[in-house]
Amino acid sequence: MPLLRQLSYSEIDAAHALYLRVFHWLRDNRVRQWLDALPRDEFLARQDRHELFGYFNDHDLMAVVTLTHESPHYWCLPIEASSRLWMKSLAVNRSLAGNGVGTAVIHACETLAVRRGFDSLWLDCVDSGFLPEYYRRRAYVELASKAIATPSGDMLTMALMRKNLRNEMLTVRSSLNDNDLQV
């Protein structure tokens, strides 16, 4: 049964390699989600902060995702960082595309958020292309959009999205088996 759990330091290289393969696929297909690849040092920093998670089937890494309290600097939100959880840099092994792995990872992240006492999960993505609709189909609501300047000077319009998890809290808590997540 697939499992979302924090990565170990020995799994960082495999997680970063998976992320880079997805980064290159997005770039090659002109999907402007990540303009600059995250370096391995950023993966290590996320690991040090206990933010880096892998989605596994047995020992096979199927996806990597970051769950953090920190929003991107360009969103000035009037809520405390400690009261929100962000999903960032979700990368699913491209060989598994179209098999529901992305949806399963998102659901596992939502379940983890509920178990940790959060009532919503936040993310941002480019406001054009397939990603906003992908998240809308999973009950994420677009709250705002904003043009941002990237480190390279390009402008990119991002959509701020959030899913309210309150309605799912009772369902998740009553049906969740402790073996479903390791955190």
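The values are calculated or read from the model by the stated rules, or taken from the named source; none is laboratory data. All values derive from a computational prediction rather than experimental measurement. Positions of Cβ are backbone-derived with ideal geometry, glycine not excepted, and every protein chain shown enters the neighbour counts.
Looking across the stretch 101-136, the residues that are over 16 Å from MET161 (Cβ atoms) and either among the aliphatic types (A, V, I, L, M) or in contact with an Asp or Glu (Cβ under 6 Å, 6 or more places away or on another chain) (or both) come down to VAL101, ALA104, ALA108, LEU112, VAL114. Taken over the stretch 110-133, the residue count meeting the criterion of being farther than 23 Å from LEU3 by Cβ and in a helix (DSSP H, G or I) is 3. State which residue is surrounded by the most Cβ atoms within 10 Å (Cβ to Cβ) when the search covers only the stretch 78-100 and only residues that are modelled with pLDDT of 90 or more and closer than 14 Å to ARG21 by Cβ. For the stretch 78-100, the residue satisfying everything is ALA91. Looking at THR103, is it part of a strand (DSSP E or B) and either of a type in the set (S, T, N, Q) or touching a residue at least 60 places away in the same chain (Cβ under 8 Å) (or both)? Taking the combined requirement at face value, the residue does not satisfy it.
Of all residues in the stretch 1-23, those being part of a helix (DSSP H, G or I) and of a type in the set (A, V, I, L, M) number 7.
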